[in-house]
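Visitor: Structure in structure tokens, see below.
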Amino acid sequence: MKKRVILFVCTGNIFRSLSAERILRKYMKDNEIDNYEVISAGTVAKKEPADPVTLKSLNSIGIDASNHIQTKLSRELLAKSDVVVAMADYHLEFMKKELGYPNAILFNELVNKKKINVDDINDVIPDFLENKKKRDNHIKWTIDYIDKNISKLFEKIEERFFLFEDFALNKNNAHKNGYPRIFIYETKNVMAFMSIDIPSKSDGHILVVPKKRYASLGEVPNSIKKEMIEVVGKIGGALRKVHGGYNVLLNDGIEAGQYIFHTHFHIVPRDKEDDIKIEVWKHRKISEKEFVNLNERLKKLISKDQNS
């Protein structure tokens, strides 16, 4: 079976992403995990040697990275990667704006669900060229931080990127709390099963998922999208016979609440006084002119995307 590829991204590929790559490789070797390839790259990655303090710090935890060769981030690298982990938010922005890649995630977002950076030396020590002691201490602290959190990072990668694919491949038949994964409906390319996140007054929350992993709905081939909608309709029709209705939801992107990066529909049965809150937001007051302008902006955005 093809190995899953994890790509770490920083700026120069001589400190943060290099350290994360080599530490995760060591973790996998120590734990006899052999179905992943781990690589790293930099958004700039000028030709320069790996930082000597970085190499020394890695060596102190049993990692020889003296053979490291810098790699410049490219669209080709992103296309071959299943998981892209950015060390800082400005790397996310670069990938999205310069390379058209929106699916990367922060290192710390995976480790502790916090949108904070793993800082570069010059992010926190402006005078790092003169202040060698502070600089060296920051490098050592960062490598220690990555090392201490690498098992949590890998655990979250397996859950948030590959849990549903492992369900489809029958490599994992249990939810993260140990409850069994039970397919309640299945077609050639689509599976449906219960989520373990069930509203307090509901008797179900069903997920409709393509068997092959696609991070975003826009990546799903039209034929499989059609199959997904047909499954949603089939399950929804059955629910309407015993419930007052149902909601169909899809979270696409971290800012939209996506947790598992394997696109899927949520089907939530609804009944009177079930206390489930959907579409709870403050309504914006908008003039007719603003409304028309907003429509025009969206039309242009969609047209531009279709033609790109």
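Just so it is clear, none of the values below were taken in a lab; they were calculated from the coordinates. Since we're looking at a predicted model, the values are computed, not measured. Cβ placement follows ideal geometry from the backbone for every residue including glycine, while neighbour counts extend to all protein chains displayed.
Visitor: Run through the DSSP bridge list for the chain and note the antiparallel percent, rounded to the nearest 5. List each step's numbers first, then the result.
Guide: Values: 17 of 31 bridges.
Of all bridge pairs located within the chain, approximately 55 percent are antiparallel.
Visitor: Moving on. Below 13 Å, Cα to Cα, which aspartates and glutamates can K176 reach? Residues fewer than 8 away in the same chain don't count.
Guide: E155, E158, E159, D166, D197
Visitor: Which distance in Å, rounded to a whole number, links the C-alpha centroids of the stretch 73-88 and the stretch 197-223?
Guide: A separation of 24 Å, based on Cα centres.
Visitor: Using Cα centres only, tell me the gap between the stretch 133-156 and the stretch 7-70 in whole Å.
Guide: Comparing the Cα centres of the stretch 133-156 and the stretch 7-70, I get a distance of 12 Å.
Visitor: Also, quick follow-up: Any idea what diffusion coefficient the stretch 1-87 gets from Stokes-Einstein, in µm²/s, Kirkwood Rh on alpha carbon pairs, 25 °C, 0.890 mPa s? Don't jump to the answer; show the numbers that get you there.
Guide: Numbers: Rh = 13.1 Å.
Diffusion coefficient, whole number: 187 µm²/s.
Visitor: A follow-up question, please. For the stretch 171-185, just list the computed ³J(HN,Hα) in residue order, Karplus coefficients 6.51, -1.76 and 1.60, θ = phi - 60°, integers in Hz, with x standing in for Gly and Pro.
Guide: 7, 9, 10, 9, 5, 5, 8, x, 5, x, 7, 10, 6, 8, 7
Visitor: Once you put a point 7 Å from the Cα of I198 and another 7 Å from the Cα of K285, both along the Cβ direction, what distance in nm separates them?
Guide: 4.5
Visitor: Rounded, prolate or oblate: pick one for the stretch 173-308, where a ≥ b ≥ c are the square roots of the eigenvalues of its C-alpha gyration tensor, a/c under 1.5 means rounded, and failing that, prolate if a/b is larger than b/c, else oblate. Numbers along the way, then the final one.
Guide: On the way: a/c = 2.03, a/b = 1.37, b/c = 1.49.
Oblate, because a/c is 1.5 or more while a/b does not exceed b/c.
Visitor: Here's another thing I want to ask about it. For K114 and K226, what is the calculated FRET efficiency with R₀ set at 35 Å and r taken between the beta-carbons, to the nearest 0.05?
Guide: Numbers: r = 38 Å, r/R0 = 1.10.
E between K114 and K226, to the nearest 0.05, is 0.35.
Visitor: Straight-line reach from K226: which lysines have a Cα under 19 Å away, not including same-chain ones fewer than 8 places off?
Guide: K188, K211, K212, K234
Visitor: Still on this model: Between the stretch 241-308 and the stretch 163-188, what is the separation of their alpha carbon centroids in Å?
Guide: 27
Visitor: Mean-square fluctuation check for the chain, GNM, Cα pairs under 10 Å: which of I235, I139, I198 is largest?
Guide: Fluctuation is largest for I198.
Visitor: Please give the charge dipole size of the stretch 173-308, origin at the Cα centre, charges +1 on K and R Cβ atoms and -1 on D and E Cβ atoms. Round to the nearest 20 debye. Could the numbers behind the result be given before it?
Guide: On the way: 23 positive and 17 negative charges, 55 e Å.
Computed charge dipole of the stretch 173-308: roughly 260 debye.
Visitor: While we're looking at this one, here's another question. For the charge dipole of the stretch 173-308, defined by +1 on Lys and Arg C-beta atoms and -1 on Asp and Glu C-beta atoms about the Cα centroid, which residue among I206, I302, G233 has the Cα displaced farthest towards the positive pole?
Guide: Projecting each Cα onto the dipole axis, the largest value belongs to I302.
Visitor: With only Lys, Arg, Asp and Glu charged, each at its Cβ (+1 for the first two, -1 for the last two), find how big the charge dipole of the chain is about the Cα centre; round to the nearest 20 debye. The partial results should precede the final answer.
Guide: Details: 52 positive and 44 negative charges, 92 e Å.
Value, rounded to 20: 440 debye.
Visitor: What's the FRET efficiency of Y259 with N122 using the Cβ-Cβ distance as r and R₀ = 51 Å, to the nearest 0.05?
Guide: Given R0 = 51 Å and the Cβ-Cβ separation, E is 0.95.
Visitor: Toward the positive end of the charge dipole of the chain, about the Cα centre and with charges on Cβ (Lys, Arg +1; Asp, Glu -1), which of N149, L99, L55 goes farthest?
Guide: With unit charges placed on the Cβ atoms, the residue in question is L99.
Visitor: Suppose every K and R has +1 on its Cβ and every D and E has -1 on its Cβ; what is the size of the dipole of the stretch 107-245 about the Cα centre, in Debye to the nearest 20? Before the final figure, lay out each step's value.
Guide: Numbers: 25 positive and 20 negative charges, 99 e Å.
I would put it at about 480 debye.
Visitor: In percent, how large is the relative contact order of the stretch 4-164, given Cα pairs closer than 8 Å and 6 or more residues apart?
Guide: 26
Visitor: Quick one, could you list the DSSP H helices from the chain stretching 20 Å or more along their long axis (Cα atoms) with average Kyte-Doolittle hydropathy of 1.0 or above? Numbers along the way, then the final one.
Guide: On the way: long enough: 16-30 (21 Å, -1.03); 132-168 (51 Å, -0.87); 222-240 (27 Å, 0.04); 288-307 (29 Å, -1.30).
Flagged H segments: there are none.
Visitor: While we're here: Return the sequence-ordered ³J(HN,Hα) values of the stretch 69-75 in whole Hz as given by the Karplus equation 6.51 cos²θ - 1.76 cosθ + 1.60 applied to θ = phi - 60°, using x for Gly and Pro.
Guide: After applying 6.51 cos²θ - 1.76 cosθ + 1.60, I find 10, 4, 10, 8, 4, 9, 4 Hz.
Visitor: Moving on. Just to be sure I understand, if you calculate Rg and Dmax of the Cα atoms in Å for this structure, which of (1) 20.4, 59; (2) 22.7, 73; (3) 23.4, 80 do you get?
Guide: Step by step, Rg and Dmax of the Cα atoms in Å for this structure corresponds to label (2).
Visitor: Turning to a different aspect of this structure: Using a 7 Å offset from the Cα along the Cα-to-Cβ direction at both I184 and L249, what is the distance between the two label points in nm, to one decimal?
Guide: Spacing of the two 7 Å Cα→Cβ label points: 1.6 nm.
Visitor: Taking springs between alpha-carbon atoms closer than 10 angstrom, which of K241, K134, K285 fluctuates most in the Gaussian network model of the chain?
Guide: Result: K285 has the largest fluctuation of those listed.
Visitor: Using a Gaussian network for the chain with springs between C-alpha atoms less than 10 Å apart, which of these wobbles most: V280, V209, V53?
Guide: Taking springs between Cα atoms under 10 Å, the residue moving most is V280.
Visitor: If you don't mind, there's one more thing I want to ask. Per DSSP helix of 4 or more residues, -39500 (n - 2.57); summed, then divided by the residues of the chain. What does that give at 222 nm, rounded to the nearest 500? Mind showing how you got there, number by number?
Guide: Values: 9 runs with 127 residues, N = 308.
It lands at -13500 deg cm²/dmol.
Visitor: For N247, list long-range residues whose amide hydrogen, built 1.01 Å from N in the peptide plane, is under 5 Å from its own amide hydrogen.
Guide: Amide H neighbours of N247, under 5 Å, 5+ apart: V268, R270.
Visitor: Can you list the HN-Hα couplings for the stretch 114-120, worked out from phi with the Karplus curve (6.51, -1.76, 1.60; θ = phi - 60°), rounded to whole Hz and with x for Gly and Pro?
Guide: 10, 8, 10, 7, 8, 6, 6
Visitor: Next question, about the same structure. V5's amide H: which non-local residues (gap 5+, or another chain) put their own amide H closer than 5 Å, with H modeled 1.01 Å from N in plane and none for Pro or chain starts?
Guide: Amide H neighbours of V5, under 5 Å, 5+ apart: E37, D82, V83.
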